[in-house]
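Rule-based calculations on the coordinates, nothing more; no lab input. All values reported here derive from a predicted model rather than from experimental measurement. For neighbour counting, all protein chains shown are included, and Cβ atoms are generated from backbone atoms with ideal geometry for every residue, glycine included.
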Amino acid sequence: MKVAKNRFLVVTLFIILLSILLYAREFLKQNLFDHGINSYVSGISFQIIFNVLLITLALLLIRKFKLKNLAGLGNLKYSNWLLLIFPLYLVVFNVFNLEDISSYTAFEFVLFLIYTLSIGFSEELLLRGFLQSYLIKNTSKTKKNIFIAVFVSSLIFGLLHLLNFNKGIYGELGQIGFATFIGVMFGTILLRTKNMYAIALLHACIDFAAKYDQIGVPFDLNKVVEESSLINTIAILIIVLPCLIYGIVLMRKYQFQTSVSKLN
């Protein structure tokens, strides 16, 4: 009972802290924009700095709770790397959905590359590296509990997208589903490959392809975001549904009890 209470407290405090940080990020971004600091370089530099802070927080939490192995930070060996091929369909999809690409400088491209890497590492270290690993470590090592840990950490990441709530009800539901489905896939692949670096780089590649048409474009926080329709939301969920199925299939075929026990 005491372990369960402590687990709930840690997870709750983590969610509250992360929510506050994300709110602070949006508040600071708006203030910078209101003061005329809206160039591409200044905007993306701010995002990089903030993501580095999130990475630092994640690493501190992983160290505090002794999650290095479960988080995939203690292994540089090649293991089950073929599992990383399937998610690349999202990179291909994003490339084919790019809009007109603006001209940009080499410096802006380098910043963009660093930015996408910071997204991949910050989100994966926080949600998979810390939260998922913490839940797995502090529950009995059954396949059901491990699936719950993977799913809950992914769902929490999806729900955090509600902090902006600027895409309408259908758009927000689509974001939750998108993040949850992909999160289940990433979480399962992490358990199979035992390598955080590979997962973070894969995440960064997906974001690189999705945001490539934004290089060099000044930040405009006053831009009206078109609300997503029900049809668009269903289409998005269908596109990422294979990620959820892939994660579930990998989980069903894997002997988690033996593997996870070796990581503790």
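Mean projected area of the convex hull spanned by the Cα atoms of the chain, taken over all viewing directions: 14.3 nm².
Taken one residue at a time, the phi angles of segment 168-174 give Karplus couplings (6.51, -1.76, 1.60, θ = phi - 60°) of x, 4, 5, x, 5, 4, x Hz. Gly and Pro are set to x. Note: relative contact order over segment 2-263, using C-alpha pairs below 8 Å and six or more positions apart, is 30 percent. Taking each of LYS66/LYS143; LYS66/LYS211; LYS29/LYS141; LYS64/LYS211; LYS143/LYS211; LYS66/LYS253 in turn, the alpha-carbon distance tops 31 angstrom for LYS66/LYS211; LYS29/LYS141; LYS64/LYS211; LYS143/LYS211. Calculated [222 nm] ellipticity per residue, helices only, for the chain: -23000 deg cm²/dmol; basis is -39500 (n - 2.57) per DSSP H run with n ≥ 4, divided by all residues, nearest 500.
Between segment 5-53 and segment 90-161, the C-alpha centres lie 16 angstrom from each other. When the Debye formula is applied to the Cα atoms of segment 105-168, each taken as the same point scatterer, what base-10 log of I(q)/I(0) results at q = 0.13, 0.19, 0.24, 0.29 Å⁻¹? Treating every Cα as an identical point scatterer, log10 I(q)/I(0) equals -0.51, -0.80, -0.95, -1.10.
Whole-Hz Karplus values for segment 118-127 come out as 5, 5, x, 6, 5, 5, 6, 5, 6, 7 Hz, taken residue by residue from phi with 6.51 cos²θ - 1.76 cosθ + 1.60 and θ = phi - 60°; glycine and proline positions read x.
Taking the average, over residues, of other Cβ atoms within 10 Å as the packing measure, peptides 187-199, 94-106, 233-245 rank 187-199, 233-245, 94-106 from highest down. Between ARG252 and LEU9, the C-beta separation translates, for a Förster distance of 45 Å, into a calculated FRET efficiency of about 0.90. Normalising the Debye intensity of segment 8-120 to I(0), with uniform scatterers on Cα atoms only, and taking log10 at q = 0.10, 0.16 Å⁻¹ returns -0.48, -1.10.
Taking a quarter of the surface of the Cα convex hull of segment 1-61 gives a mean projected area of 4.4 nm². When SER45, SER122 are arranged by Cβ crowding within 10 Å, least crowded first, meaning fewest neighbours, the order is SER45, SER122.
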